[in-house]
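Novice: Below you will find the structure I want to go over with you.
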Amino acid sequence: MTKKEDMKQEETAVNAAKKEETKETAEELLNYEDMIAELREIARKLDDPATPVEEAVKLHTRGMELIEKCETFLEKAELTITEVTQSVQKE
């Protein structure tokens with residue numbers, strides 16, 4: 001492989017990594033309320049008998065991802081509240 005081809009391959013790998021990082025960052029920007037709103041919309045679509053099976057599977061998968069993110073968010077919030085409460089009690 002030539003040096004030019006090597007550089008091109010490396011550039012492609014870097015671009016792919018940046019694209020994945022951007023996707024993750026966009027997901028993190030969703031706040032809890034946005035995630036809950038999206039979950040409600042997913043539930044509404046899943047309740048609709050006109051929703052195609054393929055779409056329902058994708059919606060279910062997305063819903064499970066959002067539930068996991070909501071749980072993580074709530075766990076972090078609970079930890080923060082506990083830490084603040086303990087800090088105030090020590091004063």
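Novice: Give all pairs with beta carbons closer than 9 Å in which a residue from segment 63-77 that is among the acidic types (Asp, Glu) and in a helix (DSSP H, G or I) meets a residue that is at pLDDT below 95 and surrounded by 11 or more Cβ atoms within 10 Å (Cβ to Cβ); count only pairs at least 6 apart in sequence or on separate chains.
Specialist: Between residues of segment 63-77 that are among the acidic types (Asp, Glu) and in a helix (DSSP H, G or I) and residues that are at pLDDT below 95 and surrounded by 11 or more Cβ atoms within 10 Å (Cβ to Cβ), the close pairs are GLU65/GLU27.
Novice: Oh, and also: Of everything in segment 69-86 that's of a type in the set (A, V, I, L, M) and touching a helix residue (DSSP H, G or I) at 6+ places or on another chain (Cβ under 9 Å), which residue is modelled with the lowest pLDDT?
Specialist: Ranking the qualifying residues of segment 69-86, first place goes to ALA77.
Novice: Okay, next question. What do you reckon, is LEU74 out of contact with any Asp or Glu (no Cβ under 8 Å at 6 or more places or on another chain) and among the aliphatic types (A, V, I, L, M)?
Specialist: Yes, satisfied.
Novice: Scan segment 35-62 for residues that are among the aliphatic types (A, V, I, L, M) and outside any helix (DSSP H, G or I) and jot them down.
Specialist: Across segment 35-62, the qualifying residue is only ALA50.
The values are calculated or read from the model by the stated rules, or taken from the named source; none is laboratory data. Since we're looking at a predicted model, the values are computed, not measured. As a convention, Cβ positions derive from the backbone with ideal geometry for all residues, glycine included, and neighbour counts pool all protein chains shown.
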